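Worksheet: one structure, shown below.
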Amino acid sequence: MVNDRFRRGASTPRRSRMAYYTRRRQHRLGATSSGDGFRRISPHFMRRVKNRTSLRRRGNLHAMIRPIVVVGAVIALLYGAQYAYQRALTSPALSIQSVRLHQVPTMLYEPVRARVEAAYGQNLLALDLAALRESIESLPAVRSAGVRRVLPDELVVSVIPRQPRARIVAGEDSWVIDADAVVLDAWEARLRLPEVRIDGPPAVTTPGRRLTEDPQYGPRVAAALEVISWMTHADGGVPHTVRHLRLDDAGVVLVAARLEIVVGDGSDMDSKMAAVRSLLRANPPVEPSIIDARYQDMLVVTALPGTAE
């Protein structure tokens, strides 16, 4: 029932229709205005609402409808995605028909193609990419590999090969290794690699194994790789043209035409070579000699026994 002071009549000042219905709605809801722009609900109205069971039940139902709809939609989407994925796993349209070798060196074409041969005809989504990548990376000349899917039926394989760094020579036998001393079974034949000579064949010569694991030559091979790395970046650091490196009990020896320089290992190569250059400029040896540069404060010069290699 509307209050009389809100009822329009002849004695009531004429107001707009919107203002009339606004005050009428506020009166019905028990709302009061505090003058600060915010409407407050009277305690009397709240007591009436709490005592009305049907109104509470209706409010609880409306509050539950939205979560129920959202949860149902999420479940339907998950079920639909799972169903579509299961159908795709058995779809013949997604069977692998082509394998593209991307950025694979020519020397590795056949070994890599042999590893991916079994993937032809398999489902593109069901294929285990991690296992296939590990199979390719097990090749001695492969540093890392990448495998990715291209819908609907293509597989793309990329390979980063190991770069040859040196050739280990023992008599008539030789092995090519990379910067990690891994024995390679494939490399570019036209490459001219530094030659490291040893007295006898190492115990570890299987492709894919590291020569640093060899109990006899392992530490010296690692030192030779450090020296080769220094020589690669040192422009004019070596006073003579080095024919090859030799590994013996003294460590790493640089062998030139009439000179042998014993450096021991790859540590402090700049200081060692600077001292050797100063010696050769001030007092160059007349006969073939051996310069031992392993000591920090001196150089030991001895005559080279026999003839130069």
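Values quoted throughout were computed directly from the atomic coordinates according to the rules given, and no laboratory measurement underlies them. This one's a predicted model, so the numbers in the text were calculated from it and none came from an experiment. Using ideal geometry, Cβ is built from the backbone for each residue, glycine included, and neighbour counts are taken over all protein chains shown.
How far, in nm, would the chain grow between Ala257 and Gln163 when pulled straight, counting 0.36 nm per residue and subtracting the alpha carbon separation? Don't jump to the answer; show the numbers that get you there.
Working: separation 94, 0.36 × 94 = 33.84 nm, distance 2.84 nm.
Roughly 31.0 nm would be gained on extension.
Extension gain Glu172-Ala81, at 0.36 nm per residue separation less the Cα-Cα distance, in nm?
Values: separation 91, 0.36 × 91 = 32.76 nm, distance 6.34 nm.
Taking Glu172 through Ala81 to full extension adds about 26.4 nm, to one decimal.
Using a cut-off of 13 Å between beta-carbons, work out the net charge of the residues near Arg100 (Lys and Arg +1, Asp and Glu -1, Arg100 not included). The partial results should precede the final answer.
Working: positive: Arg113, Arg148, Arg149; negative: Asp153, Glu154.
My count for the surroundings of Arg100 gives +1.
Can you tell me the length gained on complete extension of the stretch Leu280 to Leu129, counting 0.36 nm per residue apart and subtracting the Cα distance? Present the calculation step by step, with values, prior to reporting the outcome.
Working: separation 151, 0.36 × 151 = 54.36 nm, distance 5.88 nm.
Net length gain for the segment: 48.5 nm.
Suppose every Lys and Arg Cβ carries +1 and every Asp and Glu Cβ carries -1, with no other charges. What dipole size does the range 92-161 come out with about its Cα centre, to the nearest 20 debye? Mind dumping the intermediate values first?
On the way: 7 positive and 7 negative charges, 33 e Å.
Taking the Cα centre of the range 92-161 as origin, the dipole is about 160 debye.
Ranked by Cβ crowding within 10 angstrom, fewest neighbours first, how are Leu184, Leu125 ordered? Show your work: numbers first, answer last.
Details: Leu184 21, Leu125 13.
Fewest to most other Cβ atoms nearby, the residues stand as Leu125, Leu184.
Using a 7 Å offset from the Cα along the Cα-to-Cβ direction at both Thr241 and Leu191, what is the distance between the two label points in nm, to one decimal?
2.3 nm
Ranked highest first by average number of other Cβ atoms within 10 Å, how do 291-301, 263-273 line up? Intermediate results must be reported in sequence, preceding the final value.
On the way: 291-301: 13.8, 263-273: 17.5.
By packing density, highest mean first, the sequence is 263-273, 291-301.
Kindly work out what percent of the DSSP beta bridges joining two residues of the range 92-161 are antiparallel, to the nearest 5. Write down the numbers at each step before the final one.
Details: 9 of 14 bridges.
For the range 92-161, the DSSP antiparallel bridge percentage is about 65.
Can you grab the distance from the C-alpha centre of the range 230-265 to the C-alpha centre of the range 135-191, Å, no decimals?
About 28 Å separates the Cα centre of the range 230-265 from the one of the range 135-191.
What is the packing order of peptides 79-90, 214-225, taking the mean over residues of other C-beta atoms within 10 Å and listing the highest first? Provide the component values of the computation, followed by the final result.
Values: 79-90: 10.6, 214-225: 19.6.
Highest-to-lowest ranking by the protection proxy: 214-225, 79-90.
If Lys and Arg each add +1 and Asp and Glu each add -1, what is the summed charge of the other residues whose beta carbon sits under 12 Å from the beta carbon of Gln163? It would help to have the intermediate numbers written out before the result.
On the way: positive: Arg143, Arg162, Arg165; negative: Asp178, Asp180, Glu188.
Here the charged neighbours net out to 0.
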